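Please read the structure below before turning to the comments.
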Amino acid sequence: MTCKRCGGLTIARHFEGGQAWEYDGWECLICGDITDPLIMTNRDAQAHGARGPMTSSGMRSARGAVSPARHTDIIRP
């Protein structure tokens, strides 16, 4: 797949955010741009005049953790 930002080569990757979320997407080897099906859907919707909040249905919970919007790290001294 070719990067939409710089035209470089992208590779398929699996991304994880701590224990709160995970998803599959593509990362550019040149500029580091990350794209996934949710990003592509939202960009397409915005290009066609969509307004308001975009959906987060492309993310899935990882190992029963809380949703991405409610994830907090507890820092202990």
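The values are calculated or read from the model by the stated rules, or taken from the named source; none is laboratory data. Fair warning: this is a prediction, and the values are worked out from it, not measured in the lab. So basically every Cβ, Gly included, is an ideal-geometry build from the backbone, and we count neighbours across all protein chains shown. Just the protein is used for accessible areas: all its heavy atoms, side chains included, with ligands, DNA and RNA removed. Shrake-Rupley method; radii C 1.70, N 1.55, O 1.52, S 1.80 Å.
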Exercise for the section: Would you please list the contacts, defined by Cβ atoms under 7 Å and residues six or more apart or on different chains, that run from a residue in region 13-29 that is outside any strand (DSSP E or B) to a residue that is open to solvent by 40 Å² or more (accessible area, probe 1.4 Å) and not hydrophobic (A, V, I, L, M, F, W, C)? Expected result: G18/H71; Q19/R63; A20/P68; A20/H71
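So, R51, is that one modelled with pLDDT under 80, of a type outside the set (G, A, S) and more than 13 Å from the chain's Cα centre (by Cα) or not? Talk me through it step by step, then tell me what you get.
Values: modelled with pLDDT under 80: yes; of a type outside the set (G, A, S): yes; more than 13 Å from the chain's Cα centre (by Cα): yes.
For R51, the condition - modelled with pLDDT under 80, of a type outside the set (G, A, S) and more than 13 Å from the chain's Cα centre (by Cα) - is met.
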Completion exercise
The lone condition A69 fails out of (1) over 16 Å from the mean Cα position of the chain (by Cα); (2) open to solvent by 60 Å² or more (accessible area, probe 1.4 Å); (3) modelled with pLDDT under 55 is (1)
